[in-house]
Amino acid sequence: MATSPKHLFAAGAFAFAAFTLCAAPASAAPEKNHPKAEDVLKAKKSSKSKKAAAAAGAGAAGAAAADSWAPKDEAEPDITDTKVTEYSCELNNKVTIYTNEGDDSHIALRWKKRLHRMERVGTTTGALRFENTNFRLVWIGIPSKGILLDSRLNRQLANECKNAEQSKPMVAAAPEQKKS
């Protein structure tokens, strides 16, 4: 009688399962009151408590050092003599853009009570793209809306941002009538 590979595989799997079931209780049984094991566990507990105390003592300075992406302090941009455009976004978010007629390579963007200086980045699509690399903010303006992105977290902060002009409904031109 010929043995098929399927039967050989099933027999091997059965033997392997039986072996692991028999070997597991022997290796999983802990040794009781082993003096060296107790010393190692005590040493680990004491070193963990020392590290936790040192980390707690470091406080906010340690947290800022560990968080390497934290933005540097930068002065807020000067918004005197600027044109103000307010955007209303989804979820009742507000974005305000301050533009200077003499400088089209920078804008100031107000988001969550903070003013950010944004630098223009060239695009091939014609969209207006401004970035603040310190706070990792990206503003993309297209004719129908604006979008504010967080490039560090790779997510949208504000979408469907429209100013008063963009919020107006589109009016279709009336079709011309033929003269007879």
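The values are calculated or read from the model by the stated rules, or taken from the named source; none is laboratory data. Every value quoted in this text rests on a predicted model; they were computed, and no experiment measured them. Glycine gets a Cβ as well: all are built from the backbone with ideal geometry, and neighbour counts include every protein chain shown. To get the accessible areas, we keep the full protein, side chains included, count just its heavy atoms, and leave off ligands, DNA and RNA. Shrake-Rupley method; radii C 1.70, N 1.55, O 1.52, S 1.80 Å.
Can you tell me which residue in the stretch 119-152 is nearest to D103 (Cα to Cα), limited to those that are touching a strand residue (DSSP E or B) at 6+ places or on another chain (Cβ under 7 Å) and among the polar types (S, T, N, Q)? Show your work before the answer.
Taking the stretch 119-152 first, the residues touching a strand residue (DSSP E or B) at 6+ places or on another chain (Cβ under 7 Å) are 119-121, 123, 127-132, 135-141, 145-151.
Add one more test, that the residue is among the polar types (S, T, N, Q), and what stays is 123, 132, 151.
Details: T123: 18, N132: 16, S151: 24 Å.
Among residues in the stretch 119-152 that are touching a strand residue (DSSP E or B) at 6+ places or on another chain (Cβ under 7 Å) and among the polar types (S, T, N, Q), the one nearest to D103 (Cα to Cα) is N132.
Kindly provide the set of residues from the stretch 138-167 that are touching a Cys at 6+ places or on another chain (Cβ under 7 Å) and touching a residue at least 60 places away in the same chain (Cβ under 8 Å), ordered by number.
A158, N159, E160, C161
Tell me the residue from E160, E165 that is over 25 Å from K72 (Cα atoms) and within 23 Å of the chain's Cα centre (by Cα), please. Write out each step before concluding.
Numbers: E165 fails: within 23 Å of the chain's Cα centre (by Cα).
Answer to the check: E160.
Of the numbered conditions (1) open to solvent by 100 Å² or more (accessible area, probe 1.4 Å); (2) over 18 Å from A127 (Cα atoms); (3) in contact with a Lys or Arg (Cβ under 8 Å, 6 or more places away or on another chain), S88 satisfies every one except a single condition; which is it?
Of everything listed in (1) open to solvent by 100 Å² or more (accessible area, probe 1.4 Å); (2) over 18 Å from A127 (Cα atoms); (3) in contact with a Lys or Arg (Cβ under 8 Å, 6 or more places away or on another chain), S88 misses just condition (1).
List every residue pair whose Cβ atoms lie under 6 Å apart, where the two residues are 6 or more positions apart in sequence or sit on different chains, the first residue falls within the stretch 116-137 and is over 18 Å from C161 (Cβ atoms), and the second residue, located anywhere, is of a type in the set (V, I, T) and open to solvent by 50 Å² or more (accessible area, probe 1.4 Å).
Matching pairs, first to second residue: none at all.
Do we find a residue being open to solvent by less than 40 Å² (accessible area, probe 1.4 Å) and either under 28 Å from K168 (Cα atoms) or in contact with a Phe, Trp or Tyr (Cβ under 6 Å, 6 or more places away or on another chain) (or both) anywhere in the stretch 120-132?
Restricting attention to the stretch 120-132, the residues satisfying the condition of being open to solvent by less than 40 Å² (accessible area, probe 1.4 Å) are 127, 130, 132.
Add one more test, that the residue is either under 28 Å from K168 (Cα atoms) or in contact with a Phe, Trp or Tyr (Cβ under 6 Å, 6 or more places away or on another chain) (or both), and what stays is 127, 130.
Among the residues of the stretch 120-132, at least one is open to solvent by less than 40 Å² (accessible area, probe 1.4 Å) and either under 28 Å from K168 (Cα atoms) or in contact with a Phe, Trp or Tyr (Cβ under 6 Å, 6 or more places away or on another chain) (or both), which makes the answer yes.
Among (1) of a type outside the set (K, R); (2) modelled with pLDDT of 90 or more; (3) touching a Lys or Arg at 6+ places or on another chain (Cβ under 8 Å), where does W111 come up short?
The failed condition is (3).
Testing K168 on (1) surrounded by 15 or more Cβ atoms within 10 Å (Cβ to Cβ); (2) charged (D, E, K, R); (3) at pLDDT below 95, one condition comes back false. Which one is that?
(1)
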